[in-house]
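A short worksheet on the structure shown next.
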């Protein structure tokens, strides 16, 4: 069995101020395998950006260690650490391009630092511009590029040193949905064709569900749950997992008396009339409380929260149909959902 390319072991990170100490990371252990796309998701302030900066030791952990490709990051000299970081390309939310350099020269910059000859660096940069589909924009400055083009240049720059891993810290948060999709497709292409391991840090479950193989949910500096994306998406075990996956439904759905179920669309044909079939089977209306679905290549992806009829026989008919049609579903705990909203309101006040 392959060894992890990144092994995070009992990692802790404290920020000490004059009056208090903030424990951003509280004992996190994660293994990322070679060639996978691994996601770390959490709300703002959960500690996910601190975690990714500890992976390449831009932030030195307070405790624990990171083993990268068999090497302990805590035991490296400053020179060795700089060398190892060249094997970890990093992509940021705000692109971090040099405004006085063209797209081409932004990509050659890390190669210049390594002492690569000018013409060799340019050749490599042009090859990467072709890979990210921007070969016609090599002389454009960042101010002349769209957000998506800037991020493609940033990705090309991160690839310049032939890294084994790409660390993506909220890489699509500043982009519109269509541009986000194109960047995610590019990351999948790089992973598939170049074998690069990708570590994705995000607060958006949409990003995780589109490209990641496995995911860890981080909450207040600890891992709340971890596993295959499909398993966690269909049956989250923690409150924070349900909140991240249900998304807007947590705050938008007004739960009253009755039974509510979340059904998951995980790749069945988009044309299949699931709700109509449920209504015909139960011979009663089914109320759609929330829906977030999309067509991906003719298949349905996403989720829906439905309210079942009050009649228990009709409820059984609905669940029997979902079982028969092999549609994943879980009951929504309306009491917990209400409690979560009340806690948030109390914190705000």
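Descriptive notes on the structure:
- Shown here are the Rg and Dmax of the Cα trace of the chain, at 23.1, 76 Å.
- Degrees between helix 177-194 axis and first principal axis of the chain (Cα, 0 to 90, nearest 10): 60
- Fully extending the segment from residue 182 to residue 114, taken as 0.36 nm per residue of separation minus the present Cα-Cα distance, adds 21.4 nm.
- Ranked list, fewest to most other Cβ atoms within 10 Å of each Cβ, for 109, 15, 57: 15, 109, 57
- Ranking of 84, 22, 165 by neighbouring Cβ atoms within 10 Å, starting from the fewest: 22, 84, 165.
- Beta bridges per DSSP, both residues in the range 151-226: antiparallel share near 45 percent.
- Share antiparallel - DSSP beta bridges, the chain, percent rounded to 5: 70
- The range 140-215 shape via C-alpha gyration tensor axes, a/c threshold 1.5: oblate
- Descending by average beta-carbon neighbour count within 10 Å, the peptides 86-95, 148-157 line up as 148-157, 86-95, the highest first.
- Nearest-ten-degree value, helix 103-113 long axis tilted from longest Cα axis of the chain: 60
- Highest-first packing order for the peptide set 38-46, 228-236 is 38-46, 228-236, based on the mean count of other beta carbon atoms within 10 Å.
- Sorting the segments 6-13, 140-147 by their residues' average number of neighbouring beta-carbon atoms within 10 angstrom, most packed first, yields 6-13, 140-147.
- Theoretical ellipticity at 222 nm over the chain - DSSP helices of four or more residues, -39500 (n - 2.57) apiece, nearest 500: -11500 deg cm²/dmol
- Taking every C-alpha pair closer than 8 Å and separated by at least 6 residues, the mean separation divided by the residue count of the chain gives a relative contact order of 17 percent.
We did not get these values from a lab; they are worked out from the coordinates using the rules stated. The structure presented is a predicted model; accordingly, all values stated were derived computationally and were not measured. Note that each Cβ is placed from the backbone with ideal geometry, even for glycine, and that neighbours are counted across all protein chains shown.
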